[in-house]
Each structure stands twice: as C-alpha cells, then as structure tokens.
Amino acid sequence: MIARFSVAMLVLVGSARADVLLSDNEIAQTLAFGPWPPQATPDPSNRVSGDTKAIALGRALFDDPVLSVDGAMSCATCHDPQTAFASRQTRAMGREILARNTPALFNLRGLRWYGWGGDSDSLWAASLLPLISDVEMGHSAESLKNAVRESAHAPDYQTVFGDLLNQSPQTVLVNIAKVLAAYQETLATPRTSFDDFRDALERGDLEDAGQFPQAAQRGLQLFLGQGNCSFCHTGPSFSNNEFHDAGVPYFLSDTEVDPGRFDGLKALLTSPYTLAGDWSDDPERRGKWVSQNVRQSHADFGTFRTPSLRGVAATAPYMHDGSIADLDGVVRHYNDINLERMHADGEAILRPLELDEQQISDLVSFLETLGAIKPFK
Amino acid sequence: MILAAIVSLASSVSADACSGYGEPVVSELQGAPDAYVIVNDVPLSQPFSLRFTVCGEVPVTGIQVDAMMPAHQHGMNYDPSVTDLGLGVFDVHGMLFHMPGIWEVRFDITVGDLTFPYIHRITLR
C-alpha cells in the first residue's frame with residue numbers, strides 16, 4: 001500500500017517537473033523577484049505616512065483641480081486612475097507639451113529615487129514638484145495656501161496638521177505634498193500569476209508551478225538569459241532603481257535633448273526638499289546619504305531611471321518619452337538595439353539579441369504575467 | 001581558501017595578529033602588507049558595509065576604496081565613506097552594487113611614499 005502510494009507520487013512529481021522548464025539556477029534567480037507584496041513600512045521622513053486621515057485627504061486632493069493655480073488640472077488629469085495612474089499620451093500634456101511620459105504611480109513606497117531623472121529622493125518631494133512647476137499645477141506656496149484655506153478641504157487639513165493660518169506657505173506646501181505621498185503609498189500592484197509561480201517554486205511545489213504557461217516560462221528564461229534584462233530589471237519590483245541608457249533616442253526636437261539623469265542630479269543637489277534637508281520629519285535624517293554620497297558623472301547624460309515592470313502591460317506607451325507603443329515594440333527595440341545611437345558611455349550590456357519571432361512573443365507573454373491593472377476607484 | 005590562508009600565514013609574521021579578520025586580499029605589488037576583508041551578505045542595489053584590515057603595525061596614512069564591474073566598464077553610483085578605527089582596521093560604509101555580476105573592490109592604501117593597491121572580487125547574483 002505504502003509502496004504503491006510512493007510510486008504514484010514519483011510519477012506525479014516527475015511529470016510536474018517536466019512542466020517546469022527552468023533549471024535550478026534559473027529557479028534561484030526567479031526567487032529574487034519576490035516575495036510580493038513587499039513589507040510596507042512607513043516613511044520616517046513623512047510624519048503622516050500611514051495616517052488614515054492623511055491618506056483620505058491625499059486621495060481627495062489628488063483628484064481636485066484646486067491644486068492647480070487656475071483650476072485647470074488635477075494630479076489625476078495626467079495620472080488617470082482609469083489608466084493605471086498613467087496616461088495614454090506619449091509625452092504628458094501640461095500647460096505645454098512636457099519632455100516626458102507620465103509614469104504610473106504604483107509601488108512607490110520607499111524608493112531611493114523618483115522621476116525618470118531621479119530629481120527627488122522621497123515620494124513627498126516628487127509630489128511637491130508638480131505643485132509648483134510652471135508647466136504643471138502652476139501654484140506658488142502662497143497661492144496654494146490660499147487655495148487650500150478657501151477650499152472644502154480646510155477642516156480636514158486642520159485635523160491632520162493643526163491651524164493652517166499660523167503656518168508658513170512653505171509649511172503648507174510641504175504638508176500638502178506629504179498627504180499626497182501618504183495616499184500614493186497605498187497604491188500597489190496586486191499579486192499576479194507570476195507571483196503564484198514564484199511562490200510555488202519557493203515551496204518546491206513543482207506541480208503548482210507547472211501551471212504557469214509554458215510561453216511565459218520560456219519568456220522568463222529569455223529575460224534571465226539571452227535577453228540580459230535581469231541586469232537592470234532586478235528584485236521584487238523588477239527595477240534596480242538606478243539610471244541607464246536603454247538606447248532610447250533623447251532628442252526632444254531637432255535642437256533640444258533631454259539630459260535625463262544629468263539634469264535630475266543637478267536639480268536634486270540644489271533642492272531644499274531632500275532627505276538631508278530641513279523638511280524631512282526624521283530626526284535621524286535616514287536616507288540622507290543618498291543625496292550626500294551620490295556621484296555626478298558625465299556618463300549620467302541621457303540615462304533614465306529603470307522603470308518597474310510590475311503592471312507594465314497596463315501602462316503603454318513606454319519609455320521616458322512614450323516613444324514605444326506596446327510591449328511587442330519594446331522587445332523589438334531591445335532585439336534590434338542600435339548601438340550607434342547609444343549616448344552614454346560604457347553601458348556594455350545592451351547589444352542586438354537575435355531573438356526569433358517565437359522568442360519575441362514568449363518574452364512579451366512573460367511581461368504580461370507581471371500584471372494588467374484593473375481601473376481603480 | 002584554506003591554501004590561501006596557510007600561504008599568507010607563512011609569508012608574514014604579522015598574520016597572527018590578523019587571524020579572524022576575514023578573507024585575505026591580494027595585492028599585485030610586492031612587499032604589500034597582508035590585508036584582510038570581511039564582507040557579509042551583499043544585497044543587490046542596497047547599501048552595505050565591509051571591513052578592511054591591514055596587518056602588522058603598518059602606518060597607513062591614507063586609504064581609498066572604490067569598486068567597478070570590469071565586464072561593463074562602470075563603477076558605483078555612490079561614494080563610499082571610510083572610518084579609520086585605528087590599529088589598521090577600516091570600516092567602509094555606503095558601498096552599493098546596483099547590478100548583478102562580478103564586481104572588483106579596490107583598496108588603495110598609502111604607507112609613507114608608497115601606494116599599495118588591493119583587489120577583492122565579489123560575485124553578486
């Protein structure tokens with residue numbers, strides 16, 4: 001009886017193993033893309049991080065044109081909850097056409113850098129910049145304070161931060177940015193079929209893991225191997241959060257270029273809104289090493305922050321300038337990458353991949369398992 | 001591994017003082033003092049620390065630490081900071097490897113008029 005049972009188990013395990021295409025080494029690499037969701041810890045530089053009332057106020061403000069000087073737009077105008085908090089436009093349309101594509105706003109808690117060029121080292125600073133940008137919300141600290149004071153949000157603001165009238169406009173500006181950040185911290189991509197696959201591999205449950213589509217498994221193998229994708233798209237969010245030249249042209253027009261990280265770092269190093277500065281609520285100034293020790297280099301020119309690939313199927317178009325319409329196009333971009341066009345020195349990883357049509361479609365299938373996001377709200 | 005430890009013990013009287021100070025680090029330069037490095041788990045794309053120890057009573061007057069990926073021809077995006085703990089022991093903070101692969105950590109120590117370079121390789125998954 002016992003003997004027969006173990007024979008049956010063996011057969012089962014044997015066939016399940018056959019459905020998992022990954023080698024032991026590939027399985028070990030795959031485990032590093034999880035677990036998901038990551039543990040959520042509050043942001044020490046933002047005293048209202050995780051505060052329910054602040055989150056509710058942030059959610060209400062995110063959608064309210066009162067945050068723009070003339071009521072022309074809200075954060076949600078570009079970061080549309082119906083389209084994964086991104087926008088279908090290639091480059092964002094503010095008061096003029098902006099240089100870059102609107103990114104989705106998921107999984108932003110606790111990153112080292114924000115923005116395509118990394119001009120902020122905290123989520124609240126990244127939320128403050130559009131408030132005072134001339135080509136976005138267009139407020140000054142003073143006009144924002146007046147607008148909040150006269151708005152229906154004033155009582156909720158005072159519940160969270162106390163008497164608004166006695167606060168300096170700068171304080172109100174930073175406080176508004178911090179409730180917006182508290183809200184955005186709650187936006188996270190859900191678990192996907194990839195996470196079930198990865199966790200099954202971790203448990204050693206090959207039968208369960210074998211349910212993951214074969215095309216996506218082949219795509220994952222390419223992602224780890226021939227595609228070289230996992231050099232930069234690493235960890236649970238599929239991003240190392242650093243800056244690279246992925247071979248996307250950086251011309252804005254015939255005469256203008258987008259310097260990417262080069263300008264991002266210049267902006268960061270002159271910004272009062274960093275984790276090293278007075279507006280951080282953390283007495284220990286944790287994270288200050290980031291802006292204090294970051295290196296400036298000519299190689300930063302034309303590099304952009306590696307985007308997370310969680311939920312990527314929902315956030316077309318792609319790249320910092322929205323120049324690639326779909327995931328098939330992104331994979332073809334890497335496949336046929338034009339080394340002549342690389343502008344940063346020294347990134348000796350990207351080269352034409354020589355994938356055939358089947359492999360291109362497998363890699364796209366894999367990217368799709370990282371989640372399509374349903375409309376929010 | 002064991003072989004390396006035995007060789008360095010044999011080649012230097014001061015090695016005893018350094019036992020338990022981690023893995024030996026090599027210098028291509030003859031006459032370089034024995035040195036050891038302690039690195040625990042290196043996390044990908046997160047800051048980590050390491051400890052560098054120069055054996056014997058060598059008067060180290062300067063130390064520089066950096067790292068690069070020989071295959072990709074790029075270094076780290078952050079400057080590490082070094083704390084001199086005395087007696088030839090240095091703590092290095094704020095190292096950050098933002099890509100998997102082979103990294104070479106380079107220590108340059110100044111002793112009098114001489115600079116001794118050491119290379120320590122770390123392979124990151």
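Okay, here's what the table says:
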quantity	calculated
Residue-normalised accessible area of segment A:100-175, given per residue in Å² at a 1.4 Å probe	37 Å²
For chain A, built as a Gaussian network whose Cα springs stay under 10 Å, the top-fluctuating residue of A:T83, A:T52, A:T315	A:T52
Mean separation of Cα contacts under 8 Å, 6 or more apart, over the residue count of chain A: relative contact order %	24 percent
Solvent-accessible area lost in complex, 40 Å² minimum, residues of segment B:61-80 relative to chain alone, 1.4 Å	B:H72, B:N77, B:Y78, B:D79
Per residue value of the accessible surface for segment A:177-224 (all protein chains in place, 1.4 Å probe), Å²	35 Å²
Candidates per GluC sites (Glu not before Pro) in segment A:219-308, loop by DSSP, up to 13 other Cβ within 10 Å	A:E256, A:E284
A/B buried area, accessible surface, summed, 1.4 Å probe, Å²	1700 Å²
Alpha carbon convex hull of segment A:145-186, projected area averaged over orientations, nm²	2.8 nm²
DSSP-assigned coil residues among chymotrypsin sites (Phe, Trp or Tyr not before Pro) in segment A:197-232, each with at most 10 further Cβ atoms within 10 Å	none
Along principal axes, Cα extents of segment A:52-184, largest first, whole Å	41, 31, 26
Radius of gyration, Dmax [the protein assembly as shown; alpha carbons; angstrom]	25.8, 81
Accessible area per residue in Å² at 1.4 Å probe, computed on segment B:17-85	54 Å²
Over segment A:151-260, relative contact order from alpha-carbon pairs under 8 Å, at least 6 apart, %	8 percent
1.4 Å probe, heavy atoms, protein only - residues of segment A:235-250 losing at least 50 Å² accessible area vs chain alone	A:E242
Restricting segment A:43-116 to chymotrypsin sites (Phe, Trp or Tyr not before Pro) in coil, as DSSP defines it, with at most 11 other Cβ within 10 Å	none
Protein-only accessible surface order, largest first, of A:D121, A:D328 at 1.4 Å	A:D328, A:D121
CD proxy at 222 nm, helix term only [per DSSP H run n ≥ 4: -39500 (n - 2.57); per residue of chain A; nearest 500]	-11500 deg cm²/dmol
Percent carbon-and-sulfur accessible area, chain A, ignoring ligands, DNA and RNA, probe 1.4 Å	54 percent
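The values are calculated or read from the model by the stated rules, or taken from the named source; none is laboratory data. All values derive from a computational prediction rather than experimental measurement. Ideal geometry is used to build each Cβ from the backbone, glycine not excepted, and the neighbour counts take in all protein chains shown. These accessible areas exclude ligands, DNA and RNA; they are computed on the full protein's heavy atoms, side chains included. Shrake-Rupley method; radii C 1.70, N 1.55, O 1.52, S 1.80 Å.
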